[in-house]
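What follows is a short report on a single structure.
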Amino acid sequence: MIQESRSSLLQPQDVENRVETLMLHPAIKAFLCGSISGTCSTLLFQPLDLVKTRLQTLQPSAQGSSRVGMFTVLFRVVRTESLLGLWKGMSPSIVRCVPGVGIYFGTLYSLKQYFLRGHPPSALESVMLGVGSRSVAGVCMLPITVIKTRYESGKFGYESITSALKSIYRHEGRRGLFSGLTATLLRDAPFSGIYLMFYNQTKNIVRQDQLDAVHIPFVNFSCGVFAGILASLVTQPADVIKTHMQIAPAKFRWFGQAVTLIFKDYGLRGFFKGGVPRALRRTLMAAMIWTVYEEMMAKMGLKS
């Protein structure tokens, strides 16, 4: 009887196996794969994000500011702030992107498992999945996004992410930590939805089961580049509005006011400032993230 009761208890190996199974839940695997891919791409493409922010915040009164291009800003930063100045804002970028991309892919995987139940998504389903996943990640990480944008602008002297959070909360309240929320969601949610739609539809055209394993990452990256270019063009105005609202929340207090003031100061072309570096960064970053993510998920035996 004692032996039977003992045998009915979980053995240490059984407990270890259950813990391991719990720790390696598919959604957690998706989160980890997304976080790792986000880290690699953030480190590589941070300079493009910084140049984009500087271009968007150039004052219209500055001499010849309308003719300043991406390479001019790039060389100016290197000359005045050293080469490492191109990676200013790296800390909040990592803090934002690593869990942010993980949250995005973890949410995306969970939504696909719940709603699609194994069948490939249609174009509309891809848009909805991308919008929903990015909205969750965007809201969760918005305070870090605000700090990252301010770091990159070069107009704020925060000593650390913690001190920045405290300073913004003390002087601007919770509203400051979530400044530009509408513009951020109008930028990120449509970008992710449009990107995922074009990415999935482009991949469906190319039958991957007929490709060699060596060619699959190249095809995934190419599909990602194509999808990223289209999505970046559509969402560029929202990115400009978001940048201004997060850097100068006292001036750009709400979305409609920001649109009016940007148009007044910069004209219609002001909504497309920084479009080239942003398109390069978002396109290459998204393509790299998805390529690394899909490869890692395949290695773990999961279908992304």
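Residue-level check: of (1) surrounded by fewer than 19 Cβ atoms within 10 Å (Cβ to Cβ); (2) modelled with pLDDT of 90 or more, P120 misses just (2).
I'm checking my understanding of the structure. Among residues of the range 144-177 that are of a type in the set (S, T, Y) and in a loop (DSSP other than H, G, I, E, B), which one is surrounded by the most Cβ atoms within 10 Å (Cβ to Cβ)?
Among those that are of a type in the set (S, T, Y) and in a loop (DSSP other than H, G, I, E, B), it is Y158.
Of all the criteria given as (1) farther than 20 Å from M288 by Cα; (2) polar (S, T, N, Q); (3) modelled with pLDDT under 85, the one not satisfied by S41 is (1). Go over the candidates L233, L181 one by one and state the one that is closer than 28 Å to V139 by Cβ and either among the small types (G, A, S) or at pLDDT below 90 (or both). Step by step, each of L233, L181 is checked, and only L233 is closer than 28 Å to V139 by Cβ and either among the small types (G, A, S) or at pLDDT below 90 (or both).
Run down L84, L111, L124 and say which single residue is under 19 Å from G154 (Cβ atoms), part of a helix (DSSP H, G or I) and of a type in the set (A, V, I, L, M, F, W, C).
L84
Taking each residue of the range 171-184 that is among the small types (G, A, S) and looking for partners that are modelled with pLDDT under 90 and loosely packed, with under 15 Cβ neighbours inside 10 Å with beta-carbon atoms closer than 7 Å, six or more apart or interchain, yields nothing. It is to be established whether one or more residues within the range 133-143 are out of contact with any Phe, Trp or Tyr (no Cβ under 8 Å at 6 or more places or on another chain), crowded, with 20+ Cβ neighbours inside 10 Å and closer than 22 Å to A189 by Cα. Yes - at least one qualifying residue is present in the range 133-143. Taking S167, is it out of contact with any helix residue (DSSP H, G or I) (no Cβ under 8 Å at 6 or more places or on another chain), among the small types (G, A, S) and at pLDDT 90 or above? In short, yes. Number of residues in the range 128-156 that are within 16 Å of the chain's Cα centre (by Cα) and modelled with pLDDT of 90 or more: the value is 19. For D239, the test of being acidic (D, E) and modelled with pLDDT of 85 or more is passed.
Hey, does the range 44-59 have a residue that's of a type in the set (S, T, N, Q), modelled with pLDDT under 60 and loosely packed, with under 10 Cβ neighbours inside 10 Å? No, the range 44-59 contains no residue that is of a type in the set (S, T, N, Q), modelled with pLDDT under 60 and loosely packed, with under 10 Cβ neighbours inside 10 Å. Scan the range 149-166 and tell me whether some residue there is touching a residue at least 24 places away in the same chain (Cβ under 8 Å) and over 22 Å from D49 (Cα atoms). No, the range 149-166 contains no residue that is touching a residue at least 24 places away in the same chain (Cβ under 8 Å) and over 22 Å from D49 (Cα atoms).
The values are calculated or read from the model by the stated rules, or taken from the named source; none is laboratory data. Small disclaimer: the values here were computed from a predicted structure and weren't measured. Because the Cβ atoms are built from the backbone with ideal geometry, glycine has one as well, and the counts that use them run over all protein chains shown.
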